[in-house]
Structure formats: C-alpha cells, structure tokens
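The values are calculated or read from the model by the stated rules, or taken from the named source; none is laboratory data. Small disclaimer: the values here were computed from a predicted structure and weren't measured. Here Cβ is always computed from backbone atoms with ideal geometry, including for glycine, and neighbour counts include all displayed protein chains. Quick note on the areas: whole protein, heavy atoms, side chains included, nothing else; ligands and nucleic acids left out. Shrake-Rupley method; radii C 1.70, N 1.55, O 1.52, S 1.80 Å.
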Amino acid sequence: MGMGKAGFYYPGAERLRSPPPVLTLLVLIAVSSWVHIGECQPQATQCRISKCTSDFVSLTSHLNSALDGFDTEFCKALRAYSACTHRNTKTCRGNLVYHSAVLGISDLMMQRNCSKDGPTSSTHPETAPESCNYHSRHHGSGREFRAGDPGQPTYLFCGLFGDPHLRTFKDQFQTCKVEGAWPLIDNNYLSVQVTNVPVVPGSTATATNKITIIFKPYQECTEQKVYQAVTDDLPAAFVDGTTSGGDGDTKSLRIVEKEAGQHAEIHARYIGATVIVRQVGRYLTLAVRMPEELALAYDETQDLQLCMNGCPMAERIDEDGYLPLPVLGLHHPKHQHQHQHHQQQQPHNSPQHPRGSFSLGSATAKCREKLKVKDIYFHSCVFDLLTTGDANFTSAAYSALQDLEALHPQRERWHIFPNQANGGPCSFSHTPVFKLGLLCFIIVLFL
C-alpha cells in the first residue's frame, strides 16, 4: 500500500521484482549517457537511436504508477520504442547505444508483462480532451502530471485502518470510536460509508467490518455504481455484478482485483479517483485519493464527513494527537498515569485480550517487524496490539502505510511524528536523517 526521475527512471520501477529493476535501470541510464558518445561513431549520421530514446523519455516521464492506466500507457510507449529501434536495425548495426537500448526494452517488456503486439504511443498525441478522463477534461491533456507542472491538479488522500485510525484529507491523524455506520466521504461525485463494530468486549475499541462506496452517475461516463465489502466478502464486482462502468471500451470506472477476497482497487478515471479496499484479519481497511476540487463539491447538508472534517470530539480516543497509552516512550505524565491505572484494572489474563496479550515491549517488537519508521503508523500498531491482542493489526498498519505511499501525492508528508516538544498534535517531520539516507541511496544506486 512511488518513490525524482532521471534519465530512464520511471515511477514504479522500484516495485518490479524480476529481473532486478536496478539492472534494467543501470542499463537504461547507460544508454542515455552514451547517446552523445554514439553520435561520434562513423554511422552516427544515419543511426537515429538517440531520437528513439528521447521520444520514449517524452512519452513516459510524466506517467505515474499510482494512477489508473499506467501499465497500458507504459507498454504502448515500449512498443513504440521497440518499433523505432527495428526501423534503425541496419543503420545502427554495431552501435553500443542501439544494442543496449534493445536489451533494455526487452527487459522492461518482460517486467511489465507487455505483449509485443498491440497499440503504440504516438510521439504527436492528439490533444482533444476525453470527456470521461478527468485530467483531459479539466486540464486539456490526457497525460498525468508531475510535481511542479503548471496547472497540476491538487490531490487529497484519506485512509482508515485498525482501531480505527483515520487520516483525513487535511493530513490530520485521529483515533476514534465511531461505532456503527459513519460517512467518510459524501460529495457530488462519491460517497463512502463505513460500519465499525466493537473489537473487544468492554472496550471502546472498534474496527471496520463493512464498507459501502457509491459512485454517482456522471454524464455518459457511468451510471450509478455501488460497491460493498464486508468481512469475508470482498468482491471484485459492483453489487449489480458488473466490474466496470461506462459504455464501450472506455472503462471510465473499473475494479481491479489484486488478491482474491483480500485486496481490490477501484479506478474512476472520470473523476480522477482511486479507492483501495483490503481485508486484513477480520477487519477492513480503506484508502482514497481524489482531486481536491471534487472532494470539496458538497453543500451544508453533507458536512458530516470524517475524511473532510475528522471525527466529532466526543468520538475521539486520542487526546490532541496522543494515544492514551505511552507508546514508544511518549512519557506524558497524564498518559503515564492512565497506563498505570489501566495495568492495575486490567490483569494480564483479562478478557480484554481474548486473542493473546502483548506487553509494551512485545507489541513494540512485533510492530518493528514490518514498520521500520517510528511514525504514527508504528504508534497505532502498538496501540492496537495493546488494546486488542490481535496481531493482525500489525499487518493492517503496514498495509495502510503501503496504500499511503501508493496514493498520497506528497512524499514529504507520508510520515507523521508526534510533536513531543509541546505535547501538541502530530506534526510533519522532515528529518535530516531521512534526507541523508535518501541521498546515500541515490549515490549508491548510480555508482
């Protein structure tokens, strides 16, 4: 549940598993760096491999692997690149740049499962907007946007997982009770409602066991479609049995099953939105990304939206960003007293932990197995293990973080850390250690 771009690097390369993406990346970087060397060779006036390469870069540099249609467009660009190299077979014979490019194309086509036959990208694409493509309709082009592009749409992210922990469109992190049915999103284009049930008898802890998503009708792009998932029934279809919306082959709304009964993604191109639903253990998680202008399209009768405005104060379990147990040494005196009282009132074999009990140390160790950064997702994991004794909540926190990294538009805001200095709410932390680590990774990668 996307990590700049340089040379032939493309979003999603780091997720490829076989063959190793670094090998492909290095081959393609070598191709890019050798282009001008190749032009010094005797046949350079005839070999046009550099033109093939530059066209491929222009066709792929804007693609975003987190958005719908990435694989299709990337494969089109690869086939166009391959066709260009074939046209230059004779004139580029013996050219190292050419042969490296051919190997790199073959490598990437295998990694992305691209067929050799199929449509190719045009180096002069049509600019007429598609009515059922949000980007094309509102920004005059079917392409995706890179950070800093003029006119780039602003995206918002909302996620819900665990006990339940809510990350709002405003990047506020809350832990709430919200038992029963609650609306997460309710605007003119999309409605999302979740139902939460008690996890442990006698506790305020709840978790999500039902998610209902309504894609509202929009012009000729789609009629109303309803998707519903409940525990042990996470379908790969809408409630009417279909897997897509819209006429013909446009598929402006479609469901992609990632893992049967466990993980489904819904891509709504006509509103530029992506929804990820998972089942982890006995409970469900949700992640949503959509354009800000559409998320804000609602009236005063639709103001109860947890993703937009957070949980009502009466439903909050956290206190100004702090969870009530002193996870990871957050020694706020008030919370330390609460924890001591909790230990006194709840013995080790209390029915509050029907699935096995965790101490603070064992819960911390368990969460460290999957969550390496001690951010709020890590803290939430420890809190859930101490509260429920259910180890599946570790996987829920990890999956929520994966979905965040896939959908959240601003990497610098992925990790939220409690602000221990003033005991206030969680704040973003752009740590020098993280930046140094990223710099070292880049240096090692290119050595």
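Let's test the formula: R0 of 30 Å, r as the Cβ-Cβ distance of Ala236 and Gln172. What FRET efficiency results, to the nearest 0.05? Let's see the in-between values first.
Details: r = 32 Å, r/R0 = 1.08.
E(calc), rounded to 0.05, equals 0.40.
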Extension length gain for Thr301 and Ala83 (0.36 nm per residue less Cα distance), in nm, is 72.9 nm
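Relative contact order, percent, of region 45-111 when contacts are C-alpha pairs under 8 Å separated by at least 6 residues? Could the numbers behind the result be given before it?
Working: 42 pairs, mean separation 27.9, N = 67.
Once divided by the residue count of region 45-111, the mean separation gives 42 percent.
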Over the Cα atoms of region 225-319, what Rg and Dmax result, in angstrom?
15.5, 51
Straight distance only, please: which aspartates and glutamates reach the Cα of Lys366 with their own Cα at less than 20 Å, same-chain residues fewer than 8 apart left out?
Asp163, Asp375, Asp384, Asp390
For region 209-262, what is the number of Lys pairs with C-alpha distance below 18 angstrom, counting only pairs 8 or more positions apart or on separate chains?
4
Please list Ile214, Ile266 from largest to smallest accessible area, probe radius 1.4 Å, with all protein chains kept in place.
Ile214, Ile266
